[in-house]
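As structure tokens, the structure follows; a few thoughts come after it.
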Amino acid sequence: MNVMEIFETMEYGPAPEAAAPGLTWIQERSPFSLFINNQWIKPASGQYIDSINPATGKQLAKVAAANSADVDAAVAAARVAFETWGKTPGHIRARYMYAIARHIQKHSRLLAVLESLDNGKPIRETRDIDIPLVARHFYYHAGWAQLMESELPGYQPIGIVGQIIPWNFPLLMLAWKIAPALAMGNTVVLKPARYTSLTALKFAEIVQEIGLPPGVVNVLTGEASQVGEALVRHPDVNKIAFTGSTEVGRSIRRATAGSGKKLSLELGGKSPFIVFDDADLDSVVEGVVDAIWFNQGQVCCAGSRLLVQENIADRLIEKLRVRMEHLRIGDPLDKAVDIGAIVSPGQLKEIQRLVNQGVEEGAVMWQPSWVCPTEGYFFPPTLFTNVSPATTIAQVEIFGPVLVSMTFRTPAEAVELANNTRYGLAASVWSENINLALDVAPKLKAGTIWINCTNLFDATSGFGGYRESGFGREGGKEGLYEYVRPKWESYETLPEGLPIAIDSIASDGSKSSSSQDEEAEGAVRDRAFVSSNGYAQTLPAIDRTPKMFIGGKQVRPDGGYSRDVYDPHGHLIGQVGEGNRKDIRNAVEAAHKASGWAVGTTHNRAQILYYIAENLSVREDEFVRRIVQQTGCTYADAAAEVQASISRLFSYAAWTDKFEGVVHRPPLRGAVLAMPEAIGVIGIACPSEYPLLGFISLIAPAIAMGNTIVVIPSQQLPLSATDCYQVLETSDLPGGVVNIVTGERDMLSQVLAAHDDVDAMWYFGPAEGCKRVELASAGNMKRTCVNYGHLRNWMDVVQGESEEFLREATQVKNIWIPYGE
Ligand code: NDP
């Protein structure tokens, strides 16, 4: 027998990792208590739930089942701790976080064993991937704690963060959530998944060990209905960070709507794995193994849809079958095992149900010839061919070791198939032609793109989704913004009875006196109505009827109704179209047609913004008079508003080619390009106040970043926005980039927020309206940016023109590019 023959026929012997240290640790502590204020507290309910080893189906431990009384206690502890922790200098927070990272490394093997016992994932993965990434995450974020003051100078922590994590990467998801929260000075109440609490409890011990101040981290085990929901609804929680299913994410969006709680959601996926015919097929096969059989396919970004160029499909499928035949399934603590156990019997049943459905729908199923262990919850690697893109198994997240494959002919077809999903978490692209790969990457609607690699993660590089895969990023600098709020942000609520807020907030923040108003009114009347030959006073004015502005054209409102516009004294000063659902639908369609705006050059977009500013400046006087006419403010204040609008256009023109991405350097040979991309179509409801500046401050950052928009101007003071039609028409702005629908703000906002083809919704109005927008947005999980009815001084540069709007107008795509021969 030669070496080659030995290599091919050689069998693996068992290579078991000792379970004893993990089991002893469990036995010494079970039943586990709750971790509140650095103390182990028995649950108020006196109840415990079982934690099961999925590889055996046997009980591992009993963990406390918290209820809402425990949630109250933990939130109260976190609130007290926040008073100090939120003011603790960054360097001190960094030292604590550094100590956490060190202690994770010191206990790394125990953590890996516990994770494998509790979740069923192979020790090879927990030891080599999960736990090292956990330590890395704390080291990386210790650095951000140290640098927060200099690198995020205008920001403060949010407060108490409720964090809800799933069972597929129990400790890693804990790290993704807790590390940035602590780095930015927040305190935390964490709810692990009910199936997998053990490593979170070991983490709590580490928190005690390193002497983190009491209450900074609290861990509540238990059921979703008792702990998760209570945390989501708790009035003293300032933010919810959630990872899990899209359905639960949607219910959390609805439950938090209007509460003012900040929210980040990392949800499901159905990620494409695209193979072009020039790819290195042996690497592709290993890539597929990592994409869909890593962690038994229970990975939100699993490459679960294999899209193969038609001419190599048979060859690749054949190679895959050979490889699948050699995959080893079994005891997760065996170091030579590739595939471990599925987390629970319920999850196993669900996988089986979807596989059966795939067969019923006519796809061809293939599984290796070997059989799975009969004890525990195992499912074999499964490959479907002959899959039609519209079938359930091609669309639904199976969350198991099940791969569906489809073919394409051209790169354009590959992109279309890849984007044919409601999700947008990740994608892999395989080709030896880097030009092709880099051409395809920006066209894929997903938060992470891996080129010739898959399932790579690092703390430097933000992770998160597009579309129904959620919003917000974890990791990277962008992830930090999920855990801070601007220092200026006040919780003062907008006064009732707007629109005339400009009355109460003059440019210098002072209230205009009534004598000033009268003086201004007189001056404006003179300028507006007295002409040199004296005729103007006697001639009737030429009627001006602002219509809608859709697709670059002025169009009549679909309903054929108009809305009266009054000055502050109740005099009729004009009429605008009364927009309805149809107008919004037409505007959204026009905005989609203009999507080419996003791929144009940034230089060109900047030029157009400057041009809009130039044309506004030419008509400055007219815009000033219009503001005075609508609001009754002083001429000086109106002039200041127009000047601020012009300056704002200049600012966002300047940012257009400067709000750029970064190149991350994770520990791999290669680079990760983090590119901010336009979100798509954004709906914008303008504030009632500042009729011109409120409008310009919102449309400028949105279009600067390449979005196309549907704007609802101030309901009471719409004429400054409708006067802008001619400015936009004469500034080379392509039709459809900005669409303006006048009318009832809240009704029109609802239509936009519920529209499935709108990707984000911004709303600046009363708290009740914000709540309705957030509720309606849950339909397609669109991103929202609302003011919760709080006051914002648009004249102030920090409040009215911050980078915040650029971040709201973009989503970061991370493109991983390993290199080297
Ligand atoms: P869930 O989304 O139900 O659970 C995730 C976390 O949220 C758990 O901690 C869970 O608690 C908690 N939770 C559940 N319901 C609520 C609620 N109403 N309010 C607050 N918290 C809640 O995922 P499942 O575990 O049920 O898995 C179901 C499917 O979700 C999977 O098949 C998969 O498709 C997808 N999934 C996606 C993940 C991802 O990373 N994107 C991760 C996990 C699952 P508890 O454990 O007590 O139920």
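The values are calculated or read from the model by the stated rules, or taken from the named source; none is laboratory data. Quick caveat: nothing in here was measured; it's all calculated off a predicted structure. Every residue, glycine among them, receives a Cβ derived from its backbone with ideal geometry; neighbour counts consider all protein chains shown. In case anyone asks, the SASA skips ligands and DNA or RNA and just uses the protein heavy atoms, side chains included. Shrake-Rupley method; radii C 1.70, N 1.55, O 1.52, S 1.80 Å.
Here are some notes:
- Proximity of backbone amide H atoms, modeled 1.01 Å from N, is registered between residue 450 and 427, 428, 429, 816 at under 5 Å, excluding neighbours fewer than 5 places apart on the same chain.
- Kirkwood Rh in Å, taken over the stretch 638-763 so that all alpha-carbon pairs contribute: 15.8 Å
- Segment residue 280-residue 618, length gained on full extension (0.36 nm per residue, minus Cα span): 115.7 nm
- Kirkwood analysis of the Cα pair distances in the stretch 541-605 returns a hydrodynamic radius of 14.0 Å.
- With the highest mean first, a sort of the peptides 94-105, 361-372 on other beta-carbon atoms found within 10 angstrom per residue produces 94-105, 361-372.
- Label point distance in nm, residue 819-residue 102, each placed 7 Å from Cα along Cα→Cβ: 3.7 nm
- Here's the list of aspartates and glutamates a cross-link from residue 42 could span, going by alpha-carbon distance under 15 Å and ignoring same-chain residues fewer than 8 apart: 70, 72.
- Cross-link partners of residue 319 among aspartates and glutamates (Cα-Cα below 18 Å; sequence separation of 8 or more within a chain): 8, 277, 278, 280, 282, 286, 290, 310, 338
- For the chain, the Cβ-based charge dipole about the Cα centre amounts to some 1300 debye (Lys, Arg positive; Asp, Glu negative; other atoms uncharged).
- For the set 202/445; 62/335; 261/445; 58/349; 553/782; 582/658, the pairs lying more than 29 angstrom apart at their alpha carbons are 202/445; 582/658.
- Of the GluC sites (Glu not before Pro) in the stretch 1-58, those whose Cβ has at most 15 other Cβ within 10 Å and which sit in DSSP loop: 11
- Apportionment of accessible area to carbon and sulfur, the stretch 681-758, percent (1.4 Å): 41 percent
- Heavy atoms of the protein chains alone define the surface here; on that basis the chain has 38 Å² accessible area per residue at 1.4 Å probe size.
- Once all protein chains are placed together, residue 453 keeps about 10 Å² accessible to a 1.4 angstrom probe.
- Modelled spin-label separation between residue 798 and residue 310, with each label point placed 7 Å from Cα along the Cα-to-Cβ direction: 6.1 nm.
- Förster radius 45 Å - calculated FRET efficiency between residue 356 and residue 236 (Cβ-Cβ, nearest 0.05): 0.45
- Computed from the alpha carbon positions, the gyration tensor of the stretch 696-809 leads to an equivalent ellipsoid with semi-axes of 21, 17, 15 Å, biggest first.
- Principal axis dimensions, largest first and in whole angstrom, of the stretch 245-334 by Cα: 54, 37, 16
- Sulfur and carbon atoms: percent of accessible area, the stretch 42-99 [1.4 Å]: 58 percent
- Farthest towards the positive end of the charge dipole of the chain, among the residues 640, 383, 450, is the Cα of 383, using unit charges on the Cβ of Lys, Arg, Asp and Glu.
- Shown is the FRET efficiency for residue 726 and residue 209, computed with R0 = 56 Å from the Cβ-Cβ distance and rounded to the nearest 0.05: 0.25.
- Extreme residue, positive dipole direction of the chain, given options 146, 542, 69 (C-beta unit charges): 69
- 20 Å tail of the calculated P(r), the stretch 105-256, as % of Cα pairs: 49 percent
- Relative to the compact-globule estimate of 2.2 N^0.38 Å, the Cα radius of gyration of the stretch 573-689 comes out at 1.45.
- Fully extending the segment from residue 371 to residue 410 would add 10.2 nm, taking 0.36 nm per residue of separation and subtracting the current Cα-Cα distance.
- Taking amide H atoms as placed 1.01 Å from N in the peptide plane, the amide H of residue 574 lies under 5 Å from those of 565, each 5 or more residues away in sequence or on another chain.
- The rule of thumb for compact globular proteins, 2.2 N^0.38 Å, goes into the C-alpha radius of gyration of the stretch 118-198 1.22 times.
- Mean projected area of the Cα convex hull of the chain, taken over all directions, amounts to 36.5 nm².
- Shape annotation for the stretch 612-679: C-alpha extents along the principal axes are 62, 20, 19 Å, from largest to smallest.
- Fully extended contour minus Cα-Cα distance, from residue 545 to residue 390, at 0.36 nm per residue: 51.1 nm
- Approximating the spin labels as points 7 Å out from Cα along Cα→Cβ, the residue 582-to-residue 604 distance works out to 3.4 nm.
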